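K.L.:
If you scroll down you'll find the structure; I have some questions about it.
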Amino acid sequence: MQAIRKVVGGEIYLSEGITAGILKNLMDGKGAFDEPPLSRLTDRELEVFQLIGKGKATREIAEH
C-alpha cells in the first residue's frame, strides 16, 4: 500500500533492498553511471530493445 500511495502521489518508490544497494554502491565509490546503461545489456537484450524502438509488436519480437 505504501508503494501505491507514493506512486499515485507522484513520488518514486524504492524498496528497502534497492535503497540499501544504491547507498552501498555510492559508499563504495561505485557511481550509478560508471558505464553506459546500454553496455550492460546482453546482445539479445540489445536486439530486443532495438526491435521495440522500430515499433515491432511483442509477438513479432518473440517470433524473430
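The values are calculated or read from the model by the stated rules, or taken from the named source; none is laboratory data. From a predicted model like this one, the values you see are computed outputs, not experimental measurements. To get the accessible areas, we keep the full protein, side chains included, count just its heavy atoms, and leave off ligands, DNA and RNA. Shrake-Rupley method; radii C 1.70, N 1.55, O 1.52, S 1.80 Å.
K.L.:
Suppose only helical runs count, i.e. DSSP H with n ≥ 4. What mean residue ellipticity at 222 nm does that imply for the chain under -39500 (n - 2.57) per run, divided by all residues and rounded to the nearest 500 deg cm²/dmol?
P.N.:
Value at 222 nm, helices only: -16000 deg cm²/dmol.
K.L.:
Could you work out how far helix 43-53 tilts from the main Cα principal axis of the chain, as a 0 to 90 degree angle to the nearest 10?
P.N.:
Value to nearest ten degrees: 80.
K.L.:
While we're on this one: Compute the whole-percent fraction of alpha carbon pairs in the chain spaced more than 15 Å apart.
P.N.:
70 percent
K.L.:
If you count only protein heavy atoms with a 1.4 Å probe, what accessible area per residue comes out for the chain, rounded to a whole Å²?
P.N.:
On a per-residue basis, the chain sits at 91 Å².
K.L.:
Also, I was wondering about something else. Ignoring any ligand, DNA or RNA, what whole percent of the accessible area of the chain comes from carbon and sulfur when the probe is 1.4 angstrom?
P.N.:
Using a 1.4 Å probe with all protein chains present, the chain comes out at 60 percent carbon and sulfur.
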